[in-house]
Amino acid sequence: MSLRFLATITSFFCISFGYSTLIVGTTGDYAPFSSYNKQTKRFEGKDIDLIKEFAKASDEHIAFIKTTWKTASNDLKNHKFDVFVGGMTITPERKKDFIFSAQQSSFHKAAMTQCKSLSKYKSFEDIDNPQILVIENRGGTNESIALEKLKNAKLLITNDNQQAIKSLTNGIDNIHPDIMFTDTAEIAYQHSINPKLCEIPVNFDKNISYKAFMFNNGKSGNELKDAFNAWYKTKLTLSDQYQNTF
């Protein structure tokens, strides 16, 4: 049974009995913000916990739909869910079509590799090298910055963020990528659960970016965004916990 079918059934059940349901889209492949636990068959992560707290405070039932970084924007635009959560970066392109909640965390892009290989990378020229293979997940800002910055290194695109991360230590189809560009928050989290992975101390991205929840730019989306922001503003302890947790 698909997650989308379960979400539809949950929504129908709640409407039938007078409840409202918040339909949430997420990828489930971007820890610490959103991950999918195959054993419990549940989504986990700091964004998941936050949206659950909001739904509980709003007396709403909640249902999750799995999406991908490539399809998330179109899925939200087509009203397959009410809000996207899970480490979404605010970008000028996304702001043309969508609205965002209050900023929840800040970061910049950095490069991640095996800690044992750190000595190989003293400058960006060592990263953007024809002998280096960079891997990224399709459809997100990681892919965008790799395409923007890399002129010489080889680039491999995969559909799954977790697969890209694991390939740095385990390889993928007998291919062994060297580096992945991602958010500093994700690198810190990945290092905390796998000390073999480290951030390369080469600063190639001076832009500070922000993560937030993403809504459709219409009446219902604006109302939901305003309700979330008003609730989040009163939860200073919860906000601090979010900011200070990987």
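Here are the numbers for the structure shown:
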item: Quarter of Cα convex hull surface for segment 33-82, i.e. mean projection, nm²; result: 3.9
item: Partners for K225 among lysines (Cα-Cα distance below 24 Å; same-chain residues under 8 apart left out); result: K46, K52, K56, K66, K70, K77, K80, K95, K96, K211, K233, K235
item: Principal-axis tilt of helix 46-57 within the chain, Cα atoms, nearest 10 degrees; result: 10
item: Spherically averaged projected area in nm², based on the convex hull that wraps the Cα atoms of the chain; result: 14.0
item: Using alpha-carbon coordinates, inclination of helix 161-170 to the longest axis of the chain, degrees; result: 30
item: Theoretical ellipticity at 222 nm over the chain - DSSP helices of four or more residues, -39500 (n - 2.57) apiece, nearest 500; result: -11000 deg cm²/dmol
item: Spacing of the two label points (7 Å from each Cα toward its C-beta) at D128 and D59, in nm; result: 5.6
item: The chain - percent relative contact order, Cα under 8 Å, separation 6 or more; result: 25
item: Burial ordering of E53, E143, fewest other beta-carbon atoms within 10 Å first; result: E53, E143
item: Quarter of the Cα convex hull surface for segment 109-200, i.e. its orientation-mean projected area (nm²); result: 5.3
item: Principal-axis tilt of helix 219-234 within the chain, Cα atoms, nearest 10 degrees; result: 80
item: For the chain, built as a Gaussian network whose Cα springs stay under 10 Å, the top-fluctuating residue of A57, A31, A212; result: A57
item: Chain lengthening between K120 and K70 when straightened (0.36 nm per residue, less Cα-Cα); result: 14.8 nm
item: Protection proxy ranking, peptides 168-177, 76-85, 150-159, average beta carbon neighbours within 10 Å, highest first; result: 76-85, 150-159, 168-177
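Bear in mind that the values in this text are calculations on the coordinates, not laboratory data. Just so it is clear, the model here is predicted, and its values are computed rather than measured. Cβ atoms come from the backbone with ideal geometry, glycine included; neighbour counts cover every protein chain shown.
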